[in-house]
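**Q** The structure that follows is given in the form of structure tokens.
The values are calculated or read from the model by the stated rules, or taken from the named source; none is laboratory data. Predicted model only: the values in this text are computed from it and were never measured. Glycine also receives a Cβ, built like all others from the backbone with ideal geometry; neighbour counts cover every protein chain displayed.
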Amino acid sequence: MVLDDTAAPTAIHVNAAPTVDNLIEEHERRFVARQPNSRALHARARSSLAGGVTSSWQITRPQPVFIARGHGSRILDVDGNEYVDFHGGYGAGLAGHAHPAIVEAVTRQVRLGTHFAQPSEDAVVVAELLAHRFGLPLWRFTNSGTEATMDAVHLMRAVTGRELIVKIEGCYHGHHDSVQVSVTPGEDEDLGDAGHPIGRAASSGIPEAITSLTLVATFNDLQSVVRLLDENSGQIAGMIVEPIMMNAGIVHPDAGYLEGLRSLLRQHDALLCFDEVKTGLTVGPGGATRLLGVTPDIVCLAKSLGGGLITGAVGATDELMAHVASGDYEMVGTFNGNPLSMAATRAVLEEVATDGGYERIAALRARIEAPLGASIERHGLPAHLVSIGAKGCVTFASSPVRNYREFLRVDDRFNHLHWLAQHNRGVFLPPWGKTEQWMLSVQHDEGDVDRFVDNFEQFAAAVGDTLRAGSNLG
Ligand SMILES: Cc1ncc(COP(=O)(O)O)c(C=O)c1O
């Protein structure tokens, strides 16, 4: 079992100092050399799986990594390379792998039957626990974050009888039509004024007729929402927003921003939905909702909620959920509240996402923050660390990023190099560079975190050299 490749990188002789692009090239070469079986599997998979992967975001540069198994805080690829898992399955990994409580709950339920399409007692317990944690009384379950935000958008429209919704430029809420607008618009597109973004379809296959019902505002800019509410008076059903933006690194809300949104929307009889699919149980036991003290009309959860099993949830006020209970809005799904998922989710809430679990994660986060900050300073990187709960990222900008337009200016090559450098030394960060965050689980330990920190110091030293040599621009 090989945890890392600590051999000194091959010396690069490109004039004097290597550039960031040279370092990327070198690390990609080592990455591919370490993973011949992944390469072969990907080549084979191309003739049966579109693109050779099961979700388009598994297509990573230089090649996808096929995983054989996971245990605790570690995962093992098909080449026998072991990694400390900081990827966390794109934010689903709060429990870590094969957590004893999840294994026990799922094993028990498998023997009792895995699907009835009828409610179970576990579903009631989970709903009660979520109501307590998030301060919203009534819940329903879905099978993904996409389904959760889709139901939330439908519900906002059903309750208000209005068709327009507002979303934030640069926020991802899943892949249903209404939210596939201005997710990662590029600088080459006409994005409109920063205070009044133009909505852009985020993918092919999204009809203009639907895109036009989604209006786009700027994170941390209340005026951009005021403008939309005034221009479309009486027509906006509600707004969906990540309370802490987590598909642009991590962008915190300014003080008063979320409260401001809530009161603005109320003034216009429009609803507020927090997409906590990522923040959910990862920033704290009651998500950003409890942490930041602003309760919206609707909360969406998924990812870490199911302890690695497939589930999502929508919580809302009595008033809103009365429309679901009465059948005015039918929130349905064959696998909603599936007993296997509910058993795992109950175990997460009762035995994983506990006070002890969060204390452990806070201690590990603190063990990362100080040394990473010191490395950034020591090597003069134009970067800063943003972390909260189990999540963290290094944003390669000298000052905090407050919205998508600022995020767009961040040079992605530093994050890609960081991903490669950690990978080649036994730490698996989420791919997709600057957009993603690392993720701690309740099963990580000090040794895991120290490996990540040591790798970062080596990466920072190499990048610092390129900067001092003035060669970072490739
Ligand atoms: C904030 C947010 N909302 C919704 C989703 C969609 O969740 P899923 O991939 O489970 O459909 C994601 C997925 O990354 C997300 O980050």
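**Q** For region 166-182, enumerate the residues that are in contact with a helix residue (DSSP H, G or I) (Cβ under 7 Å, 6 or more places away or on another chain), within 15 Å of the ligand (Cβ to nearest atom) and among the aliphatic types (A, V, I, L, M). Don't jump to the end; show me each part of the working.
**A** Step one: of region 166-182, the residues in contact with a helix residue (DSSP H, G or I) (Cβ under 7 Å, 6 or more places away or on another chain) are 166-167, 169-170, 173-179, 181.
Pick out the ones that are also within 15 Å of the ligand (Cβ to nearest atom) and you get 167, 169-170, 173-179, 181.
Scanning region 166-182 gives VAL179, VAL181.
**Q** A further question on this structure: Hey, does region 111-122 have a residue that's surrounded by 16 or more Cβ atoms within 10 Å (Cβ to Cβ) and either in contact with a strand residue (DSSP E or B) (Cβ under 7 Å, 6 or more places away or on another chain) or closer than 30 Å to VAL32 by Cβ (or both)? Full working, then the answer.
**A** So the first thing to find is which residues in region 111-122 are surrounded by 16 or more Cβ atoms within 10 Å (Cβ to Cβ), and the list is 120, 122.
Retained after the next criterion (residues that are either in contact with a strand residue (DSSP E or B) (Cβ under 7 Å, 6 or more places away or on another chain) or closer than 30 Å to VAL32 by Cβ (or both)): none.
Within region 111-122, none of the residues are surrounded by 16 or more Cβ atoms within 10 Å (Cβ to Cβ) and either in contact with a strand residue (DSSP E or B) (Cβ under 7 Å, 6 or more places away or on another chain) or closer than 30 Å to VAL32 by Cβ (or both).
**Q** Here's a follow-up. Could you please let me know if ALA397 is outside the structural domain of PRO197 (by TED's automatic domain parsing) and free of Cβ contacts under 8 Å to residues at least 24 places away in the same chain?
**A** yes
**Q** Take region 262-293 and flag every residue that is part of a loop (DSSP other than H, G, I, E, B), buried (at least 24 other Cβ atoms within 10 Å of the Cβ) and away from the ligand (no atom under 14 Å from the Cβ).
**A** ALA270 - this is the single residue of region 262-293 that is part of a loop (DSSP other than H, G, I, E, B), buried (at least 24 other Cβ atoms within 10 Å of the Cβ) and away from the ligand (no atom under 14 Å from the Cβ).
**Q** Moving to a separate point now. Out of all the residues in region 328-344, which are crowded, with 19+ Cβ neighbours inside 10 Å, of a type in the set (A, V, I, L, M, F, W, C) and under 24 Å from the mean Cα position of the chain (by Cα)?
**A** Within region 328-344, LEU340, MET342, ALA343, ALA344 meet the criteria.
**Q** Is it true that ASP230 is more than 22 Å from VAL324 (Cβ to Cβ), of a type in the set (Asp, Glu), at pLDDT below 95 and surrounded by fewer than 23 Cβ atoms within 10 Å (Cβ to Cβ)?
**A** Numbers: more than 22 Å from VAL324 (Cβ to Cβ): yes; of a type in the set (Asp, Glu): yes; at pLDDT below 95: no; surrounded by fewer than 23 Cβ atoms within 10 Å (Cβ to Cβ): yes.
No, not satisfied.
**Q** Additional query: Would a scan of region 296-319 turn up a residue that is assigned to a loop (DSSP other than H, G, I, E, B), charged (D, E, K, R), closer than 25 Å to ALA362 by Cα and within 16 Å of the ligand (Cβ to nearest atom)? Talk me through it step by step, then tell me what you get.
**A** Taking region 296-319 and keeping what is assigned to a loop (DSSP other than H, G, I, E, B), we get 296-297, 302, 307-311, 317.
Among the residues that remain, those that are also charged (D, E, K, R) are: 297.
Pick out the ones that are also closer than 25 Å to ALA362 by Cα and you get none.
Taking every residue of region 296-319 in turn, none turns out to be assigned to a loop (DSSP other than H, G, I, E, B), charged (D, E, K, R), closer than 25 Å to ALA362 by Cα and within 16 Å of the ligand (Cβ to nearest atom).
**Q** Scan region 166-177 for residues that are assigned to a loop (DSSP other than H, G, I, E, B) and either among the aromatic types (Phe, Trp, Tyr) or surrounded by fewer than 20 Cβ atoms within 10 Å (Cβ to Cβ) (or both) and report the count. Explain how you work it out, then say what you get.
**A** Just the residues of region 166-177 that are assigned to a loop (DSSP other than H, G, I, E, B), to begin with: 169-176.
So of that shortlist, the ones also either among the aromatic types (Phe, Trp, Tyr) or surrounded by fewer than 20 Cβ atoms within 10 Å (Cβ to Cβ) (or both) come out as 172, 175-176.
The number of residues fulfilling the criteria is 3.
**Q** Those residues that are surrounded by fewer than 20 Cβ atoms within 10 Å (Cβ to Cβ) and either aliphatic (A, V, I, L, M) or over 25 Å from the mean Cα position of the chain (by Cα) (or both), I need them from region 94-105; list them, please.
**A** ALA98, ALA101, VAL103, GLU104
**Q** I need a count of the residues in region 341-362 that are closer than 15 Å to GLY286 by Cα and polar (S, T, N, Q).
**A** So the answer is 2.
**Q** Which members of region 150-175 meet the condition of being closer than 30 Å to ASP411 by Cα and in contact with an Asp or Glu (Cβ under 8 Å, 6 or more places away or on another chain)?
**A** Filtering region 150-175 for residues closer than 30 Å to ASP411 by Cα gives 166-175.
The answer is ILE168, CYS171, HIS173, GLY174.
**Q** Additional query: Could you count how many residues in region 178-193 are under 24 Å from the mean Cα position of the chain (by Cα) and surrounded by fewer than 19 Cβ atoms within 10 Å (Cβ to Cβ)?
**A** Matching residues across region 178-193 total 3.
**Q** Any idea how many residues of region 60-111 are farther than 15 Å from VAL348 by Cβ, away from the ligand (no atom under 16 Å from the Cβ) and assigned to a loop (DSSP other than H, G, I, E, B)?
**A** 11
**Q** For region 112-165, enumerate the residues that are in a loop (DSSP other than H, G, I, E, B), more than 16 Å from the ligand (Cβ to nearest atom) and of a type outside the set (A, V, I, L, M).
**A** Residues of region 112-165 in a loop (DSSP other than H, G, I, E, B): 113-120, 135-137, 143-144, 161-163.
Next cut, more than 16 Å from the ligand (Cβ to nearest atom) only: 113-120, 135-137, 161-163.
Those that are in a loop (DSSP other than H, G, I, E, B), more than 16 Å from the ligand (Cβ to nearest atom) and of a type outside the set (A, V, I, L, M): GLY113, THR114, HIS115, PHE116, GLN118, PRO119, SER120, GLY135, PRO137, GLY161, ARG162, GLU163.
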